[in-house]
Each structure stands twice: as C-alpha cells, then as structure tokens.
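Just below is one structure, and these are the notes that go with it.
The values are calculated or read from the model by the stated rules, or taken from the named source; none is laboratory data. Note that the structure is a prediction, hence the values are computed from the model and not measured. Reconstructed Cβ throughout: ideal geometry from the backbone, glycine too, with neighbour counts over all protein chains shown. Note: areas computed on protein heavy atoms with side chains; ligands, DNA, RNA excluded. Shrake-Rupley method; radii C 1.70, N 1.55, O 1.52, S 1.80 Å.
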Amino acid sequence: MGLSEIRARMDKACTAAGRAPQDVELIAVSKVQPAERVAAVLDQGHRVFGENRVQEAAGRWPAFQDRYTDIVLHLIGPLQSNKARQAMEMFQAIHSVDRPKIAQGIARLAQEMGRCPDLFLQVNTGEEPQKAGVLPQEIDGFVAECRALDLPVKGLMCIPPVEEEPSLHFALLAKMAARNGLSGLSMGMSGDFESAIAQGATHVRVGSAIFGERDYG
Ligand SMILES: *Cc1c(COP(=O)(O)O)cnc(C)c1O
C-alpha cells in the first residue's frame, strides 16, 4: 500500500463522516520496520511516527533527527516506570498511560522537568486479561485522578480485541471520552482506521498498511 494510499483512504473516510481531514492525525507506526522503509516515508514528507518500545526508538530516531527536522514521536506501547523519564524526553505524546502508578511517576517527573508530553489513557475496552489498559468501569475515576495530578490528558486510547467488531469498541471509547470532556481519541490501525474515523478518531495508528508487514524473524 503506502503512505499516499492511506492518506487518500483517510480523506475519503473523513468526507464520508463529514469530518475535516486535518482533524485526524496519521501516526505512522514504524516499530520493527527496517530503517530504509522509515527513511522512504520521511522522504515523502511525513513526520509523525509511533513506536512501541522506548529502547527501540532511542536506538533509531536520534540519527533520523539529525537528518530530518520536525519529527514528532508518539509512544504507543507499554511504559515501564524505569523508562518513564527517557520516554518523556523523547516522545511528544504517550498513548499508553494505563495505571495510577505510572500516572503518579509521570506527574513527579513533569514537575521536575517542567514539561510533559500529551497523554492518552489506555482503556481495555474488551476487558481482556492479557491486555493493558484500565477497565471501562474504572476510566472516569482514572481521568479524575490524572487531572488531580495536573497531567495534560488529551484523550483515550484503545486496541480492540482481534476477533471482535472494532466499531463497537471505538463507539464505546468515544462515549467514555465525551462524558469525561476529552476530545482526543487514539484508535484505529491498518485493518480498521476507516471505521475508527467514522467513530471520531483524532489519531489513527497505522503501521503495516504504510510500511509493509513487520518481520519479527
Ligand atoms: C503495532 C501497533 C499498531 C499498528 O498496527 P498495524 O496493524 O501494523 O497498523 C497500532 N497501535 C499499536 C498500539 C500497536 O502496537
């Protein structure tokens, strides 16, 4: 596929939903992808990327940042407390705030550093035991707790269960965001970003449809 086709499909989905294309940010998920593929997307002018692991991002992005200006990095994968400082230095947004302990750690570091990335709170909408995120019934309390910590909460994030209809999860996330007065919705991946846009996504996280399949081998 590639970047221009994904952009075209996003525009079409926005038009169908009566939304403005500039209201949906495309995060190109570059995790595990070879550097040549990432460079090719940078050469096409794209600057907003998502990574799953702090370590992997730290290993590859400084070199790109020397060659390309205005790169914006989003952390979309799990965050451990001992990586929080490094993550806050490297990423403009963190989509995976999923428990009070990490929220408290980020708040402490934000005080010390005098700044904080945009934060999205991850919701385990499918209530899957192996998946990160707070449970749907816990999200209102978690939003309140993060606000009490003065954290810049921009919105909510979810990864629907693979075997379920994603639009139901996107609609649920949109409802939870709306009742908490949050405008950001990080939802939608290669297989379902159009449905996410129809449900109000403000940030779609698209990897393999832009870069090709990931080779974990
Ligand atoms: C890997 C990943 C994506 C991108 O997945 P694709 O199916 O390749 O588009 C999006 N969000 C998260 C949280 C991911 O880990």
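Please report the accessible area of Val41 (heavy atoms, 1.4 Å probe, ligands and nucleic acids excluded) in Å², nearest 10.
Solvent-accessible area, nearest 10 Å²: 10 Å².
Leaving ligands and nucleic acids out of the surface, order Cys158, Cys116 by accessible area at 1.4 Å, largest first.
In descending accessible area the options line up as Cys116, Cys158.
Taking a spot 7 Å from the Cα of Asp23 along the direction of its beta carbon, which residues of region 173-208 have an amide N less than 11 Å from it?
In region 173-208, the label zone of Asp23 (backbone N under 11 Å from the point 7 Å along Cα→Cβ) covers 198-202.
State the percentage of accessible surface on the chain attributable to carbon and sulfur atoms; use a 1.4 Å probe and exclude ligands, DNA and RNA.
49
Using DSSP H assignments, which helices in the chain have an axial alpha-carbon span of 15 Å or above and a mean Kyte-Doolittle hydropathy of 0.5 or higher?
Flagged H segments are 166-179.
Which residues in region 63-95 place their backbone N less than 20 Å from a point set 7 Å from the Cα of Arg37 along the Cα-to-Cβ direction?
What the label zone holds, given the 20 Å backbone N cut-off, is 63-65, 72-78.
Given only helices, namely DSSP H runs of n ≥ 4 each adding -39500 (n - 2.57), what is the per-residue ellipticity at 222 nm of the chain, to the nearest 500 deg cm²/dmol?
Value at 222 nm, helices only: -12500 deg cm²/dmol.
In what order, largest first, do Lys31, Lys101, Lys12 sit by accessible area if the probe radius is 1.4 Å?
Reading off the accessible areas and sorting them downward yields Lys12, Lys101, Lys31.
Using label points projected 7 Å from each Cα along Cα→Cβ, tell me how many nm separate Ser183 and Asp140, to one decimal.
Result: 2.4 nm between the two label points.
Express in nm, to one decimal, how much length is gained between Ala58 and Ser167 on full extension, taking 0.36 nm for each residue of separation and deducting their alpha carbon distance.
Length difference between fully extended and current span is 35.9 nm.
Count of lysine pairs in the chain with Cα atoms under 19 Å apart, counting only pairs 8 or more residues apart in sequence or on different chains?
Counting lysine pairs in the chain gives 6.
If one computes the Cα centroid of region 65-136 and of region 140-206, what distance in Å separates the two points?
Each part reduced to its Cα centre gives a spacing of 15 Å.
Please arrange Glu112, Glu213, Glu128, Glu165 by accessible surface area, largest first, computed with a 1.4 Å probe and ligands excluded.
Largest accessible area first, the residues go Glu213, Glu112, Glu165, Glu128.
Please turn the phi angles of region 188-195 into ³J(HN,Hα) values with the Karplus equation 6.51 cos²θ - 1.76 cosθ + 1.60 (θ = phi - 60°), one per residue in order, whole Hz, x for glycine and proline.
Coupling constants for region 188-195: x, 10, 3, x, 8, 5, 5, 5 Hz.
Please give me the summed charge of the neighbours of Ile159: other residues whose Cβ is under 15 Å from its Cβ, Lys and Arg +1, Asp and Glu -1.
-4
Apply the a/c threshold of 1.5 to the C-alpha gyration tensor of region 3-211 and tell me whether it is rounded, prolate or oblate.
oblate
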